[in-house]
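Here the structure comes first, spelled out in structure tokens, and everything after it is commentary.
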Amino acid sequence: MDSLGTATTRFLFHLFKELNKTNDGNVFFSPVGISTAFGMILLGTRGATASELQKVLYSEQDTESSKMKSEEKEVRHTEEIYHQFQKLLTEISNFSTDYDLIINNRLFGEKTYLFLQKYIDYVEKYYHASLEPVDFLNAADESRKKINSWVESQTNEKVKDLFPEGSLNSSTKLVLINTVYFKGLWNREFKKENTKEEDFWLNKTLTKPVQMMAQCSSFSFTLLEDLQAKIVGIPYKNNDLSMFVLLPNDIDGLEKIIDKISPEELVEWTSPGHLEQRQVDLRLPRLHVEDTYELEPTLGAVGIHSAFSEHADYSGMPAHSGLHAQNFLHRSSLVVTEEGVEATAGTGVGFTVSSAASCELVHCNHPFLFFIRHRDSDSILFFGKISSP
């Protein structure tokens, strides 16, 4: 069985490609946030719905397990997924004075609805998520505001109004929330006096002015000659996390690269053995990106169908049947400055019934890919495409 990080990297890249088809501009989301939400949902699913979600969180590699009965495989894989999430959340929650990295999960349940105690206990054990009773039946909008307020408080007020007006109603029984908040300082800050206004090329004919940061230092670097692109790794303080930037050589080269590369290649190219320390003349624009997605249609395109149908099997959540996912909302925000990065994301699921010569030049003045990865867990916290800073 793949590690959780490897399996979710594969899924995130498929999800990114689908989002990229319908978004001409920037794309930005939190893979670890979305996959954690899936993990909490998986705890309450059974049968075909559980099997569908498992494919997001693992992929079969060994021949031994292929000989096992399907029921035994499902139990084994499901338990392994839970333990990997438990380990991931514990690793990420380790306190650091150099950055803030906080993942929070919460369930908001209709106070008159009977949820299985086993489900509540398992969500608490593996995902550190408690169940808070609310009154969807008689005060749906007040409950919505309460949920949004909690999300806002967990993301330093960056993610507001995750659930828009009218998205929850008296038939809502459960809202499942995941938030990811990260604020970190670069290992080497960009000096503000080196930041200059430059043109960022949106395509070969259009530009827009941006504030371009600059420094020449030692960074992890590799040249992808076959793709005509380069990758640079920019560490945060104490090197637990890094931002990786994949920059094509050509102004309009990014979409061609996206069509060619696989998630496995992305992992390989950014592994320690593939990168080498080089002097890099790095030019990176200040960024402020926000995105909101209703992910249900996109998830259908990557193979998740039954989880949102009225025939979904969520018999592991309630004391009686009829529960199904109503919507899957994800909102994310990113700010990149000379000092560092502040990034945050909120995911909610509702359920209802029915250079210089000595430096390699990496000049990010045209569209590029980037992601922020946690080293110890090998998990990608945030992933995006910048087409217009």
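Laid out as a table, the results:
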{"item": "From the options PHE28, PHE38, PHE13, residue that is closer than 24 Å to GLU264 by Cα, touching an Asp or Glu at 6+ places or on another chain (Cβ under 6 Å), at pLDDT 85 or above and in the same structural domain as GLY300 (by TED's automatic domain parsing)", "result": "PHE28"}
{"item": "Residues of segment 67-109 classified as in contact with a Lys or Arg (Cβ under 8 Å, 6 or more places away or on another chain), over 28 Å from LEU162 (Cα atoms) and at pLDDT 70 or above, total", "result": "1"}
{"item": "Which numbered condition LEU227 fails, given (1) out of contact with any Lys or Arg (no Cβ under 8 Å at 6 or more places or on another chain); (2) part of a loop (DSSP other than H, G, I, E, B); (3) under 20 Å from HIS14 (Cβ atoms)", "result": "(1)"}
{"item": "Residue in segment 291-314 that is aromatic (Phe, Trp, Tyr) and in contact with a Gly (Cβ under 6 Å, 6 or more places away or on another chain) present", "result": "yes"}
{"item": "Among residues of segment 27-56, those that are part of a loop (DSSP other than H, G, I, E, B) and more than 15 Å from the chain's Cα centre (by Cα), counted", "result": "3"}
{"item": "Complete set of residues in segment 250-276 that are outside any helix (DSSP H, G or I), charged (D, E, K, R) and either surrounded by 12 or more Cβ atoms within 10 Å (Cβ to Cβ) or not assigned by TED's automatic domain parsing to the domain that holds PRO235 (or both)", "result": "ASP250, ASP252"}
{"item": "ILE258 in contact with a Leu (Cβ under 9 Å, 6 or more places away or on another chain) and either at pLDDT 95 or above or over 20 Å from ASN26 (Cβ atoms) (or both)", "result": "no"}
{"item": "Subset tally (residues that are out of contact with any Ser or Thr (no Cβ under 7 Å at 6 or more places or on another chain), surrounded by fewer than 17 Cβ atoms within 10 Å (Cβ to Cβ) and not charged (D, E, K, R)) for segment 191-213", "result": "6"}
{"item": "Condition met for PHE163 (modelled with pLDDT of 90 or more, surrounded by 20 or more Cβ atoms within 10 Å (Cβ to Cβ) and in contact with a Ser or Thr (Cβ under 6 Å, 6 or more places away or on another chain))", "result": "no"}
{"item": "Residue pairs meeting the criteria (Cβ under 6 Å; at least 6 apart or on separate chains; first of a type in the set (Gly, Ala, Ser), in segment 30-49; second in a helix (DSSP H, G or I))", "result": "SER35/THR8; GLY39/PHE85; GLY44/TYR119; ALA48/SER306"}
{"item": "Search result, residues across segment 319-339 that are of a type outside the set (A, V, I, L, M, F, W, C), surrounded by fewer than 21 Cβ atoms within 10 Å (Cβ to Cβ) and modelled with pLDDT of 90 or more", "result": "THR337, GLU338, GLU339"}
{"item": "Members of segment 359-374 found to be in contact with a helix residue (DSSP H, G or I) (Cβ under 7 Å, 6 or more places away or on another chain) and at pLDDT below 90, listed by number", "result": "HIS374"}
{"item": "Test: residue in segment 189-196 that is touching a strand residue (DSSP E or B) at 6+ places or on another chain (Cβ under 7 Å), part of a strand (DSSP E or B) and modelled with pLDDT under 95", "result": "no"}
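Condition check ((1) touching a strand residue (DSSP E or B) at 6+ places or on another chain (Cβ under 6 Å); (2) over 30 Å from LYS237 (Cα atoms)) across all residues:
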{"site": "LEU114", "(1), (2)": "no, yes"}
{"site": "TYR126", "(1), (2)": "no, no"}
{"site": "GLU132", "(1), (2)": "yes, yes"}
{"site": "LYS145", "(1), (2)": "no, yes"}
{"site": "SER167", "(1), (2)": "no, yes"}
{"site": "PHE182", "(1), (2)": "yes, no"}
{"site": "ASP199", "(1), (2)": "yes, no"}
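The values are calculated or read from the model by the stated rules, or taken from the named source; none is laboratory data. As the structure is a computational prediction, the values presented were derived from the model and not from experiment. Neighbour counts are summed over all protein chains in view; Cβ atoms, including those assigned to glycine, are modelled from backbone coordinates with ideal geometry.
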